[in-house]
Amino acid sequence: MYETQYHRATSLSEAAQLLSGAGEEAKYLGGGMTLIPTMKARLAAPSALIDLRHVAEMKGISVEGRSVRIGGGTTHFEVANSDAIEAVAPGFTELAQLIGDPAVRHMGTIGGVCANFDPAADYPAALLALNGTIETDRGEYSADDFFLGLFETALGEGEIVKAISFEAPDASAYEKFRNPASRYAMCGVYVARRGGEVRVAVTGAGSNGAFRWHEAEAALSARFEPEAIDGLSVPEGDMIGDLHGSSDYRAALVPVVAKRAVRKAR
Ligand SMILES: Cc1cc2nc3c(=O)[nH]c(=O)nc-3n(C[C@H](O)[C@H](O)[C@H](O)COP(=O)(O)OP(=O)(O)OC[C@H]3O[C@@H](n4cnc5c(N)ncnc54)[C@H](O)[C@@H]3O)c2cc1C
């Protein structure tokens, strides 16, 4: 057994203050869907948990025109069921509907997913493809600058993901090839077309976390059809290889799943 203090914050400034006063091993608690299992497995033993679930500044969804803003404390269930988001970016709500199971969707938060940057997390692919922004209590980052590598983001010590935002594109879609047991992505591809520019981001496959597939972006910007991807490939050496699927299997999945995403977006 180890001792853990629990603190409930009601504002961003209070959360930051509580964390800095709670010792080096203190951690923020979002939905707890990653942190609590990690603690149960004794892979983390935080000295204190600063609960962000009652911070009003991190709540809510707003859609004005095609501008979407989602508070960092918003659950996957709330995103999955947002008619306002669905009206402008149906791929985004579909993505949220495909996360984990009902318990995970009711507790897990978009801020927690961004801060954690699991290599198979779904939202990072969407935010990279949508050229999204991650707003924190200290400033903001473009998704390209925020997601740095495996479980690594641009967040500084004690920095909090306050909200994410993006402009809905002309067309977008998410396609996910799921691990049937965990429901995490073996490969997930988000495609977004804005005018003549197409962005493509892949999650679940890359050993460094979600990544933009620039070669496919160039091909699809020239011709927004699934066949534009024919003959393109990702480097097998950059893919995850584990007990669920080898790196060549994942490399083979990427163009297949990307073509399905383009078909859906069209
Ligand atoms: C069975 C299962 C299946 C899952 N399937 C999927 C899936 O298919 N797709 C998917 O994308 N995810 C999946 N997840 C993960 C899920 O989406 C979690 O919600 C997510 O990883 C973490 O979000 P959380 O809010 O629960 O964060 P927590 O677990 O509370 O925290 C995770 C980390 O982020 C930090 N943190 C949390 N919130 C913030 C914040 N706002 N600012 C700064 N730091 C913060 C915490 O200190 C901690 O280090 C699954 C999880 C489980 C248990």
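Under 5 Å between amide hydrogens, built in the peptide plane, is the criterion, and for residue 51 it picks out 7, 8, 9, 29 among residues at least 5 positions away or on other chains.
Taking only DSSP H segments of four or more residues, each worth -39500 (n - 2.57), what value at 222 nm results for the chain once the sum is divided by all its residues, to the nearest 500 deg cm²/dmol?
Details: 11 runs with 86 residues, N = 266.
Estimated from H runs of four or more residues: -8500 deg cm²/dmol.
Placing +1 on the Cβ of every Lys and Arg and -1 on the Cβ of every Asp and Glu, with nothing else charged, gives the stretch 1-70 a dipole about its Cα centre of roughly 300 debye. Relative contact order for the stretch 1-150: what is it in percent, counting Cα pairs under 8 Å that are at least 6 residues apart? After rounding, I find 18 percent.
If Lys and Arg each add +1 and Asp and Glu each add -1, what is the summed charge of the other residues whose beta carbon sits under 15 Å from the beta carbon of residue 245? Before the final figure, lay out the partial values.
Numbers: positive: 176, 178, 183, 250; negative: 236, 238, 242, 248.
Net of charged neighbours comes to 0.
Taking the Cα centre of the chain as origin and assigning +1 to Lys and Arg Cβ atoms and -1 to Asp and Glu Cβ atoms, the resulting dipole is close to 680 debye. Output the direction-averaged projected area (hull surface divided by four) of the convex hull of the alpha-carbon atoms of the chain, in nm². The directionally averaged projection comes out at 13.7 nm². Tally the DSSP beta bridges in the chain and give the antiparallel ones as a percent, rounded to 5. DSSP beta bridges in the chain are roughly 85 percent antiparallel. Comparing 128, 240, 253 along the charge dipole axis of the chain, the residue lying farthest to the positive side is 253, per the Cβ-charge model.
For the chain, hydrophobic long helices are taken as DSSP H runs at least 18 Å long by C-alpha position along their axis with mean Kyte-Doolittle hydropathy of -1.0 or more; these are 247-265. With one equal scatterer per alpha carbon and no solvent term, the Debye-computed log10 I(q)/I(0) for the stretch 60-167 at 0.17, 0.18 1/Å reads -0.72, -0.81. For a straight C-alpha distance cut-off of 23 angstrom, the lysines reachable from residue 59 (same-chain residues fewer than eight places away being disregarded) are 27, 162.
If only the Cβ of Lys and Arg carry +1 and only the Cβ of Asp and Glu carry -1, the dipole of the stretch 171-265 around its Cα centre is close to 500 debye.
The stretch 171-265: percent of C-alpha pairs farther apart than 15 Å? Distances greater than 15 Å cover 54 percent of the Cα pairs.
Bear in mind that the values in this text are calculations on the coordinates, not laboratory data. A quick note: this is a predicted structure, and the numbers were derived from the prediction, not measured. A quick note on method: Cβ atoms are made from the backbone with ideal geometry, for glycine too, and the neighbour counts reach across all protein chains shown.
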